[in-house]
1. Inside the range 37-90, can you point out the residues that are of a type in the set (A, V, I, L, M, F, W, C), in a helix (DSSP H, G or I) and either surrounded by fewer than 19 Cβ atoms within 10 Å (Cβ to Cβ) or more than 14 Å from the chain's Cα centre (by Cα) (or both)?
2. Of these, Lys88, Lys82, which one is under 14 Å from Asn42 (Cα atoms) and in contact with a helix residue (DSSP H, G or I) (Cβ under 7 Å, 6 or more places away or on another chain)?
Amino acid sequence: MECSFSQYSRITCNTNFNIKPSSQIYSFNYCLDNIDAHLSQNRINPSSVCNEHELIKFRAGLFEHETDHFTICPNHRYCLGKGWKASKLCMLKPPLQTCYGKRKIEKATVTVQQSRDILEQFGILISVGAGKCF
């Protein structure tokens, strides 16, 4: 079982009992669950992410990719979507930051625009909502 996100993520395709349906690959266009609580919990501006579909797409680094024909497995949906959890330490690594992930995060998190800019400039994907120490 392999979905479209397997080539963009280190996460393996698999079942996940936190998502229904838990064992089948389906069209990525069906990822429209309410993510308001997740955005709030991870200090992500709700105006920057419209829905679960966009959140997953951005966390996979697919800012400009056309995903109309993508498929997704339950594990990718959970791990890149509502099941994603931010680290308690700064996720920015050199050359972006010199704390080497040893500092606790501040209230600020990586925005959609920052994630996109970092990927374009440095080729490093830092997930939307990841903590940073400045």
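1. Ala37
2. Residue meeting the stated conditions: Lys82.
Values in this text are rule-based calculations from the coordinates and carry no lab data. Computed from a prediction, not measured in an experiment: that's the story for all the values here. Note that we place each Cβ from the backbone using ideal geometry, even for glycine, and neighbour counts take in every protein chain shown.
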